[in-house]
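No lab work stands behind these numbers, since they all come straight from the coordinates. Not measured: the values here are computed from a predicted model. Cβ sites come from the backbone with ideal geometry, for glycine too, and all protein chains shown count toward neighbours.
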Amino acid sequence: MDAQALKQTIKEIATKGKGILAADESTPTMGKRLAGINVESTEEKRRDYRQALFTTSGCEEFISGVILFEETLKQKARDGTPLSGVLTKKGIVPGIKVDKGLVELEGTSEKVTQGLEGLGDRLDDYKQHGARFAKWRAVYSISDSTPSDAVIKENASRLAKYAKVCQEHDVAPIVEPEVLINGDHSIERCAEVTEAVLKEVFVALDKEGVLLEGMILKPSMVISGKENDSRAGVEEVAKQTLEIFKKTIPESVQTINFLSGGQTPEESTAHLQAMNKMDDAPWYLSFSYGRALQEPALKAWAGKAENEKACQDAFFKRAKLNGLATKGEYSTDME
Ligand code: 5MM
């Protein structure tokens with residue numbers, strides 16, 4: 001493990017004012033996204049859309065890293081340049097989603113993430129294609145009886161094993177435990193679950209000897225369930241999120257890049273802004289948004305080449321506003 005190389009990757013990604021674009025939708029997920037704008041999901045369409053995002057003029061001012069799906073990492077732009085090369089030319093670090101999705105944990109109706117088998121060999125291949133960081137996402141569903149201790153433990157153990165293998169291959173891991181927003185639970189219940197999940201993740205990371213300075217944490221925020229009818233406001237989300245983080249996340253973690261998890265683009269920017277305004281966190285607080293950076297851009301594109309500029313303008317706007325939020329400089333009148 002080259003600790004210096006890992007720290008260098010983290011330093012580049014955790015540049016103040018910048019964050020990560022999660023563009024690593026698997027083919028089935030991308031199919032759903034494209035179906036939502038009435039576009040058939042072909043390899044060419046997926047490439048055209050991603051190429052439009054990555055070639056957005058000036059986006060590198062706010063985007064330091066992009067997480068790619070394997071297909072995209074190996075795809076070429078229309079002029080033959082590898083898409084990962086399009087990013088590196090702009091000073092953006094390419095990353096790769098390495099998990100292989102969710103499977104049922106035996107004896108439960110809950111899901112754990114798979115993909116450890118052959119991970120080292122895959123990382124060697126992804127590195128050849130320019131990837132310097134990786135991502136593995138675990139999900140936790142909130143109900144009265146879930147997530148179970150078994151799922152919390154198993155996901156933590158797999159996240160930590162994945163992170164260790166990545167670091168042994170000099171690839172900086174994004175550790176992503178996502179407590180899902182689906183449901184009508186209160187913010188307090190989300191806080192309770194998030195605390196238990198993060199606690200176990202850091203126990204497992206420690207057990208595996210993962211270098212915390214050489215990884216990125218990508219958590220969900222502490223937030224009310226989407227169906228809750230008295231959802232907590234922006235300040236409360238920011239306050240409760242930081243409270244739980246201070247109890248569970250060591251200060252040696254350099255950067256926390258949130259997922260948006262079904263929040264609207266505006267909500268996720270406002271929450272990030274509020275946390276950075278509180279200004280007493282020991283970590284860099286930034287974004288690794290998928291939907292919250294892409295929704296308006298995807299809609300504007302609508303699968304048509306003539307809409308590429310509108311797509312890029314919409315993406316640039318969200319990237320810029322989130323970039324400002326990492327510095328506590330965003331306000332809602334910029335929307
Ligand atoms: C971009 O979507 C990612 C891949 O999802 P699938 O494996 O389901 O296709 C996803 O992991 C994403 O990186 C995170 O959920 C964060 O994205 P959001 O949209 O929640 O910010």
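The table that follows gives values for the structure above.
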item: Karplus-derived 3J(HN,Hα), 6.51/-1.76/1.60, for each residue of segment 202-216, Hz, glycine and proline x; result: 6, 5, 5, 4, 5, 4, 7, x, 6, 6, 5, 6, x, 9, 10
item: Estimated FRET transfer efficiency when R0 is 30 angstrom, pair K317-K246 (beta carbons, to 0.05); result: 0.40
item: Under 5 Å, built H, 5+ apart or other chain: amide partners of Y289; result: I20, A22
item: Gain in span if fully extended, E213 to T264, counting 0.36 nm per residue against the direct Cα distance; result: 15.3 nm
item: Integer Hz, Karplus 6.51/-1.76/1.60 couplings in order for segment 153-168, x for Gly and Pro; result: 5, 5, 5, 4, 4, 5, 4, 5, 5, 4, 4, 5, 4, 4, 5, 4
item: Trypsin sites (Lys or Arg not before Pro) within segment 222-326, DSSP loop, no more than 13 other Cβ atoms inside 10 Å; result: K304
item: Inter-centroid distance (Cα atoms) of segment 116-134 relative to segment 1-55, Å; result: 16 Å
item: Reachable aspartates and glutamates, given that their alpha-carbon falls under 15 Å from the alpha-carbon of K246 and they are not under 8 places away in the same chain; result: E192, E195, E200, D279, D280
item: Mean Cα-pair separation over length for the chain, i.e. relative contact order, pairs under 8 Å, 6 or more apart, %; result: 19 percent
item: Ordering of 210-220, 22-32, 38-48 by burial proxy (mean other Cβ atoms within 10 Å per residue, highest first); result: 210-220, 22-32, 38-48
item: Hypothetical label at E192: residues of segment 211-251 whose amide nitrogen lies under 15 Å (7 Å Cα-Cβ projection); result: 223-225
item: Placed amide H near G101: partners under 5 Å, 5+ positions off or other chain; result: Q114
item: Residues F202, F245, sorted so that the one with the fewest Cβ neighbours within 10 Å comes first; result: F202, F245
item: Whole-Hz couplings from phi, Karplus 6.51/-1.76/1.60, listed for segment 231-240; x for Gly and Pro; result: 5, 5, x, 4, 5, 5, 4, 4, 5, 5
item: Positive dipole terminus of the chain, leading residue within Q263, I20, I244 (C-beta point charges); result: I20
item: Set of lysines with alpha-carbon distance to K207 below 17 Å, sequence-local pairs under 8 removed; result: K153, K161, K164, K199
item: Förster-model FRET efficiency, 22 Å R0, K7 and L116, C-beta, rounded to 0.05; result: 0.35
item: Structure-based [θ]222 nm, the chain - -39500 (n - 2.57) summed over DSSP H runs of at least 4, per residue, nearest 500; result: -14500 deg cm²/dmol
